[in-house]
Every structure is written in structure tokens, then in C-alpha cells.
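Undergrad: Mind having a look at this structure? Questions to follow.
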Amino acid sequence: MATDQDQARIAELRRLINHHNHRYYVLDSPEISDTRYDALFRELQDLESAHPGLVIPDSPTQRVGAPPLDEFGTVAHREPLLSLAKAFSLTEFVAWQKRAERLLNGQTFDMVCELKMDGLAVALTYEDGRLVTGATRGDGYQGEDVTLNLRTVRSIPLALPPEGRFPHRFEVRGEVFLTKAGFKRLNEERAAQGLPLFANPRNAGAGSVRQLDSRITASRPLDIHIYGLGWAEGGDIPSTHWETLYMLRSLGFKLSYHSARVETAEDVEVFYRRWLEGRDELPYEADGVVVKVDSLALQVELGTVAREPRWAVAYKFPAVQATTQLLDIGINVGRTGSLNPYAILEPVSVGGVTIRQAALHNEEDIRRKDIRIGDTVIVQRAGEVIPEVVGPVVSLRTGREREFLVPSRCSACGTPVVRPEGEVMSRCPNAACPAQALERLRHFVGRGAMDIDRVGTKLCQALFEAGLVKDVAHFYLLTKENFLTLERMADKSAEKVLTSIRRSKGRPLSRLLFALGILHVGEEVADVLAAHFGNMDGLMWASQEELSAIPSIGPKIAGSVAAFFREVGNRSIIDKLRLAGVSMEQPKAGTAAKLQLSGLEIVITGQLESMTRVQAEVRVRELGGAVGSGVTRRTTHVVAGANPGSKVERARTLGTTVIGEEEFIRLMEESR
Ligand code: IVH
């Protein structure tokens, strides 16, 4: 028999654990350590197993999932779960706003902007403060009863605070999702177990909620954001959507922190742009912004048409994923001889850009993801990076797909390829391979390297094919006459190209080192080497041991640098560059440019006016500073251009200095 004392302790433990769950899962702000929490949890588990009669379904110990079902029951939605009209541009958004105003006889209205989460829509019904049903959207009128599964999601309250004021029965709606980190973790676990991977967090989240065995759901790191009230009876509700959100938050529901009440289309655009740029920093996937009419009375007046409410619109971010056919796998020979496979795709539009090719990383990756030629594949484009193949849609296989076989010979020169042990790709070992040579030229003239304006891929190829440029030193031997032999090259443009080439001679040693394309020498390593030696000669004669002794230069880099300079061909290229007048020096502190930014770590966000982001980053490195991609405690300055995004906010939270473009330029110029 349980004593009164046991019963009281059980009640107290449940209250405490619910409180700490809310702090941890909903507010992201725990008050006690994990160990302390685990101790409370275990104490409750022990008491409950000693007194099974006292276990109630709402006890925090019961979020573990129940034995599998044969199938889900169905739930008829009392109010349909509608979809949303979409806008793909500001013009389309304004058209939505104007139409709503017209329908309201010219009345304007406040709006609420929310992030559009990319997950699975669910409806949760509460009766007397207890979660009674959790359902998927289904066809909008009938959904699947996934109550058991949703009960395992820690950020969904099973019971509302007894002192809270809420209607007798009501339904909240929200989006269940996996965070990007949770998704990554889940896929890593699956890869380790040899299970097929999920293509994206959305599929993984939806798959997790629609599990017949809720113990599986319980093991997945699911989260929820509530975005509104479905219906309510037996109690008052606020008169605006904004206040409703407040009420729901005060009842312990988890809502996004990033909602805003706004007045004008300009405000909406600012919100939209902020998150379009900042979406990569969100811990979860968002695919747009939902804009809602704030007044619930006006919402009713506007009503619904077809299956969409007229009082809300989804202002979508450009899509980042699409599916298409993998027609073939091609091979690019990189500048270091690596055989880089790439996907040749049935053209598909991803976020307004037509994609015909996508990265496939390496052979190992193709094998691991089991990508086969002929597969329907998911392609993804994120920000500025090259589109990539995420994986195959296995369910759409016809049986005619074939496995990719790595060619045994280099596609450019026919040399048998090698795959060094422990490496994920094959390599063409022929240093004279023309494909490698061309890649080296392209790299040399590129941004961050010698940055030769007007000399791009096409011109490199033309010069290479005409036999005018065989190695990087030949760029500096070109004459106007040489250019005039090329197709479509007129007098004026030839002169301009020659000027750019000439200008590049003065680049600091760090750029030249990077441009040479030495294996394992990226921009940062090049900076370190140039700063350490100050000139090419010191570096060229340095032994591997000497190189290894430099802080931040490991044995792999040291070995590769030493090997590069041992090679006679490479030495002769450097001699030719020197003769052509290419600088072999790193400007020193105190002379042309002091390393004014050394010791600083700078994060650049938003668009700058007077330079591109890459140019700015290169400048920072040239001045001895480090460039960070995210704002951390090490960041000393955040440079905010136009439409800066959430990095500035993070900087403010951390108390990091935020400067504008002008101040940034001043900071760099003080170094002269
Ligand atoms: S409101 C009638 N707000 O988007 C309006 N929906 O196309 C009901 N979604 O699957 C939706 N985030 O689950 C609303 N902040 C948000 C949302 C959101 C994501 C989903 C919703 C539904 C789809 C509607």
C-alpha cells in the first residue's frame, strides 16, 4: 500500500519534472543539471514501479511509447485543416494583401508574420487541460490518430498548468519537426546500422510521427511549434491572433520566438528577407513566412475559399530541393588529379534556377547513399554552394538502374587510376595530365587566388587549347598578338585582359601560394606560410621538419609543401613567375600594410556596397585577421552590410562589437 507520503512525493515529483521539462524542451533554458533531473526522474520511476496502481497516463514517465498498433484510427477534424495560398514574390504578396483589403471594403489590417516550418501539421485537442487527441492533417477533413506517438514528444504538454485559464475544450495546431542537428544524428545512427537514410528533416520527422510503434517515435528527437488555435469551446479566447499566441505560450505550449506583429507590406518584406538570409542559422528547416491577418473578427469576415483561408498566405522562400532523374555520372579531373564524380541530371528547376549538374562528392559517398544511374534523385541547393545530390528515391526504382563503376583509366589522359589506401576517391597519377593542367590554370586565376579579372573558365580553356598557356607562368608571357589569334577577342578586350594580368603580379605571396594549388594548402594555410617566411625563397628551401615546426602546420601539410617544392617542374614554374615580375614577397607589418587585423576574428554578414564578401574576406586575411563563418565568443567584430540577418542579433546577445561597412573600411585603412 502506498502511504500518503508516497502519494504526495509522487505528485510533487511529477510537478517538478513537468516544470523542468518545460524549462528544457519548451523554453530551452534548463534550471537544473541533467544529473539532477535524471535523479528526480529515477525517483519517480522507482516509486511508480513500487506502486503500479498510482501510474497515470499523464505522468512524465509515460512518454516512452506503447506497443505497436496494426494501423492508425482516423480522427474527423471538427474544423478542417486547410492549406495556404502561396506567394513567391513581394508583388504576389501585395496582391494578396490588396485583395483582402478590397474584400474588407478598404479596411487595412495588422498582420502577424511567422516562420513557415517545414514539418508535419498536427492538431492537438485538450479537454479540461489534458491532451486527449493528437492527429495528423490527413486530407484536411480526416487525419490519422497519432495520439500515442505525439505523447512522446517532450515539448507537447500532456497536461496544462492547473492554475492556467483555458477553454474547457480546444484544439491547437502546430508543426512537428526534427531539428537539423537531430536529423543529422538520426541519419548517422542509421548509416551506422546500415539502414536507408532519410532525404531531409521533413521526411524524417513525418516518418517518425507516422510510426505504428510509438516507442520508435519516442526515440526520435522530435520537436513542435504551435502556431494557432483550431477551435475552442467553453471559455474565452482573445480577439487577435497575436494575443492568442501569448495565451498559448503562457499555457506552456512551445511557440517560435521569431514571430512579429507588423503593419505594412514593407515590414513583411523586412521580416521575409531577414529570414531568407538567416534561414541557414535556424536550427530547423523553414520554407517561408506565413502572414496572417491579426484580428480574428476580420479572419472570420474574410473566410475561406476552396481549401485555403483568405486571411493567411505563405510567402515562400525559393525551393531548395527537387527530384529529378540521374541520367549519368560524369568525371571531372581536379587539379590534384582527383577523379571527381558529378551528376548529369534531367534539367530541373530548384529555387528558380535550372540545374543540369550536381555534385556527388566522391565514390565512397555514392556507394554509401546507394545512388544508381537512372535513379530518381533528390537534388538540393543551399545558398551559394554548388547543388548536390542528396540521395535516391528508392521507392521509385524500376529495376533498370545501374551501379556506377569508377573508370579504371583517367578520362582525360588514359593513365590507369590509383586509389591510395584510406582515401575516398581515385586519382590520376599523371602530373602532366591535361585535365589537371587546365584545372590548375582555372584555380590560379580565380578569386582568392591571383584574382585575374576577365580571365575565366572559357578563356583559360581557349588559351590552353591554343597551346598558348600550358602552365600558370605562361599567363605572364602573353602578348596582345597572342590574344588576337583567339576567336572573338578584339583589340580593346585583349588590352583589358593584359592589364588585369599585369595587375595580378603585385599580389602578396599568400595569394600566390594559394594560387599554385599545392595539395592541402588552402587560403588559411597559405596565409600562415606567407606570414612565417615572408618570401618565396625561405619557403622553397624549408625542410619538412622546419615546416612542421610552424604552429598550425601539421605533418600532412608539411609533407605536401615540401614535396611540391622538391619537384623540378614546380621550381621552374616559380622561376618563370619570378622572371615575369610576379611578386614573391609578403608585405610586412609596418610597411605597405601592417597586419592591422591580426588577432581579430571578423564575421561579415549582409551585402557590402563597395566590395563583395569574398573580397572583404580576402582583405581581412591579408591584414592578418581571421574570418569566421558564425558568431562565437571568439568573434571580435561583426561587419553588418545591408540586410544583415540574425548574426547581428547573436552578436548583440554575446556583446560582440558590430560595425558598419564604413567603419570596417576605416579599420582596414588604419593599417596604411
Ligand atoms: S497556419 C489555415 N502557420 O503549412 C492556415 N501553417 O500550407 C493554417 N505551417 O501543413 C496554417 N508553419 O502545418 C500556419 N506558422 C505557420 C506554419 C504553418 C508551417 C504548415 C502547416 C500546413 C502548411 C499549410
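The values are calculated or read from the model by the stated rules, or taken from the named source; none is laboratory data. Just so you know, these numbers come straight off a predicted model, no measurement behind them. Virtual Cβ from ideal backbone geometry, glycine too; neighbours counted across all protein chains shown.
Undergrad: Quick check, is residue 418 hydrophobic (A, V, I, L, M, F, W, C), surrounded by fewer than 18 Cβ atoms within 10 Å (Cβ to Cβ) and either without any contact (Cβ under 8 Å) to a residue 12 or more places away in the chain or farther than 19 Å from residue 200 by Cα (or both)?
TA: yes
Undergrad: If you take the residues of the range 266-285 that are modelled with pLDDT under 90 and in a helix (DSSP H, G or I), which of them is nearest to residue 228 (Cα to Cα)?
TA: Selected residue: 279.
Undergrad: Considering only residues of the range 174-185 that are crowded, with 19+ Cβ neighbours inside 10 Å and outside any helix (DSSP H, G or I), which is farthest from the ligand (Cβ to nearest atom)?
TA: Checking each candidate, the answer is 178.
Undergrad: Please work out which residue is farthest from residue 311 (Cα to Cα), limiting yourself to the range 80-108 and to residues that are part of a loop (DSSP other than H, G, I, E, B) and away from the ligand (no atom under 16 Å from the Cβ).
TA: 89
Undergrad: For the range 113-162, what are the residues that are basic (Lys, Arg) and either touching an Asp or Glu at 6+ places or on another chain (Cβ under 6 Å) or under 15 Å from residue 72 (Cα atoms) (or both)?
TA: 116, 137, 151
Undergrad: Residue check, residue 232 against (1) more than 15 Å from the ligand (Cβ to nearest atom); (2) outside any strand (DSSP E or B); (3) among the hydrophobic types (A, V, I, L, M, F, W, C), all met but one. Which one?
TA: (2)
Undergrad: Quick one: would you say residue 143 is among the small types (Gly, Ala, Ser) and either in a loop (DSSP other than H, G, I, E, B) or more than 12 Å from the ligand (Cβ to nearest atom) (or both)?
TA: So residue 143 does not fit the description; no.
Undergrad: For the range 209-225, state whether one or more residues are among the basic types (Lys, Arg), farther than 27 Å from residue 30 by Cα and within 16 Å of the ligand (Cβ to nearest atom).
TA: Scanning the range 209-225 turns up at least one residue that is among the basic types (Lys, Arg), farther than 27 Å from residue 30 by Cα and within 16 Å of the ligand (Cβ to nearest atom).
Undergrad: Any chance you could count how many residues in the range 344-370 are at pLDDT 95 or above and under 23 Å from the mean Cα position of the chain (by Cα)?
TA: Here the count works out to 1.
Undergrad: Yes or no: residue 134 within 16 Å of the ligand (Cβ to nearest atom) and at positive phi?
TA: So residue 134 fails the test.
Undergrad: Mind listing whichever residues of the range 339-395 are among the hydrophobic types (A, V, I, L, M, F, W, C), touching a residue at least 40 places away in the same chain (Cβ under 8 Å) and surrounded by fewer than 16 Cβ atoms within 10 Å (Cβ to Cβ)?
TA: Listed by number, the residues that qualify are 382, 393, 394.
Undergrad: Inside the range 248-265, can you point out the residues that are assigned to a loop (DSSP other than H, G, I, E, B), within 14 Å of the ligand (Cβ to nearest atom) and touching a residue at least 12 places away in the same chain (Cβ under 8 Å)?
TA: Once the filter is applied, which keeps residues that are assigned to a loop (DSSP other than H, G, I, E, B), within 14 Å of the ligand (Cβ to nearest atom) and touching a residue at least 12 places away in the same chain (Cβ under 8 Å), the range 248-265 yields 253, 254, 255, 256, 258, 259.
So that you can scan it fast, the table gives a plain yes or no per residue for (1) surrounded by 15 or more Cβ atoms within 10 Å (Cβ to Cβ); (2) of a type in the set (Asp, Glu):
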site	(1), (2)
37	yes, no
43	yes, yes
54	no, no
75	yes, no
84	yes, no
91	no, no
98	no, no
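Undergrad: Would you pick out the residues in the range 620-672 that are more than 28 Å from residue 526 (Cβ to Cβ), touching a Gly at 6+ places or on another chain (Cβ under 6 Å) and among the hydroxyl-bearing types (Ser, Thr, Tyr)?
TA: Matches in the range 620-672: 646 only.
Undergrad: Only residues that are outside any helix (DSSP H, G or I) and either β-branched (Val, Ile, Thr) or under 27 Å from residue 597 (Cβ atoms) (or both): list them for the range 531-558, please.
TA: 534, 535, 542, 549, 550, 551, 552, 553, 554
Undergrad: Go through the range 565-643 and tell me which strands (runs of 3 or more DSSP E), entirely inside it, have 2 or more residues that are more than 30 Å from residue 542 (Cβ to Cβ).
TA: So the answer is 601-605, 637-640.
Undergrad: Which count do you get for residues in the range 26-79 that are within 17 Å of residue 6 (Cα to Cα) and assigned to a helix (DSSP H, G or I)?
TA: Of the residues in the range 26-79, 17 are within 17 Å of residue 6 (Cα to Cα) and assigned to a helix (DSSP H, G or I).
Undergrad: Find all pairs meeting these conditions: Cβ atoms under 7 angstrom apart; at least six residues apart or on different chains; first residue within the range 113-133 and within 20 Å of residue 209 (Cα to Cα); second residue near the ligand (Cβ under 8 Å from one of its atoms) and not in a strand (DSSP E or B).
TA: Once the first residue is within 20 Å of residue 209 (Cα to Cα) and sits in the range 113-133, its partners that are near the ligand (Cβ under 8 Å from one of its atoms) and not in a strand (DSSP E or B) give 121/81; 121/137; 123/81.
Undergrad: Considering each of 531, 515, 616, 563 in turn, give the residue that is more than 25 Å from residue 658 (Cα to Cα), among the small types (Gly, Ala, Ser) and free of Cβ contacts under 8 Å to residues at least 60 places away in the same chain.
TA: Answer to the check: 563.
Undergrad: If you go through the range 109-121 one residue at a time, how many are more than 10 Å from the ligand (Cβ to nearest atom) and assigned to a strand (DSSP E or B)?
TA: 1
Undergrad: Please work out which residue is farthest from the ligand (Cβ to nearest atom), limiting yourself to the range 122-131 and to residues that are under 18 Å from residue 148 (Cβ atoms) and touching a Leu at 6+ places or on another chain (Cβ under 9 Å).
TA: 130
Undergrad: I would also like to ask the following. Out of all the residues in the range 186-196, is one or more within 16 Å of the ligand (Cβ to nearest atom), crowded, with 16+ Cβ neighbours inside 10 Å and not basic (Lys, Arg)?
TA: no
Undergrad: Here's another thing I want to ask about it. If a residue counts only when it is within 13 Å of the ligand (Cβ to nearest atom) and buried (at least 17 other Cβ atoms within 10 Å of the Cβ), which strands (runs of 3 or more DSSP E) contained entirely in the range 286-336 have at least 2 such residues?
TA: Strands (runs of 3 or more DSSP E) meeting the threshold: 286-293, 312-316.
Undergrad: I need the helices (runs of 4 or more DSSP H) fully contained in the range 432-495, keeping only those with at least 2 residues that are in contact (Cβ under 8 Å) with a residue 40 or more places away in the chain.
TA: So the answer is 434-445.
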